[in-house]
Amino acid sequence: MIGRIQSIQRLGTLDGPGVRFVAFMAGCPLRCKCCHNPETIDGKEFGEYEPEKLADTAARFLEYFGERGGVTLSGGEPFCQPAALAELAAALKDKGFHLMCYSGFTFEELLQREDARPLLERLDRPGDDWAHTIKTAIYYGSALLATVLAYYVINKLFLRFFGLQLNSYQ
């Protein structure tokens, strides 16, 4: 499976806890008003990647990540390439990476998509950095936080945040 990528940040410190390898995916149909990466929206300027090769590239930096770092998938919109990213996520998890993903889709939308589940199931909560997770959920809206918490309660799941930051400003 070939994926489309806009750019890579090898030693990022802004997209999750710790030092991170950040892959910015190419293309996004959502057009969120508060998009953090508008240069990735049109997806015209992109490179192609093979998931295993990109995971190998990230693995070269693993020693810098420490206990809190890892890989963050950002956008564009990662869930516009769910099959390629699920393959990438599997390769990254096999190499021992902590994995997060930013998305403009709501949690409810992602849960309804069968193609999103393989990627969702491989995401981690942000290590032990609960303050980062809660701050992010509050930033994106208390209604979203309540929805995520309700999902776990309704499904009687152990409360654990995926490393997924959601954007409700569509």
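Some notes on this structure:
- Probe 1.4 Å - accessible area at Ile41, Å² to nearest ten: 30 Å²
- Shape analysis of the range 1-109 yields a ratio of the Cα radius of gyration to the Kirkwood radius, Rg/Rh, of 0.94.
- Å² per residue, accessible surface of the range 21-127 at 1.4 Å: 46 Å²
- For Arg122, net neighbour charge (Lys/Arg +1, Asp/Glu -1) across residues whose Cβ lies under 11 Å away: -2
- Put simply, when 96-107, 59-70, 16-27 are sorted by average Cβ atoms within 10 angstrom per residue, most first, you get 16-27, 96-107, 59-70.
- Counted charge near Gly76, where neighbours are those whose Cβ lies closer than 12 Å (Asp, Glu -1; Lys, Arg +1): -1
- Surface share of carbon and sulfur [accessible, 1.4 angstrom probe, percent] for the range 43-117: 47 percent
- Kirkwood Rh and Cα Rg combined as Rg/Rh, the range 20-60: 1.05
The values are calculated or read from the model by the stated rules, or taken from the named source; none is laboratory data. Quick caveat, the model's predicted, so the values are computed rather than measured. No Cβ is skipped: glycine too gets one built from the backbone with ideal geometry, and neighbour counts run over all protein chains shown. The protein model used for the area step is the full one, side chains on, heavy atoms only, and it has no ligands, DNA or RNA in it. Shrake-Rupley method; radii C 1.70, N 1.55, O 1.52, S 1.80 Å.
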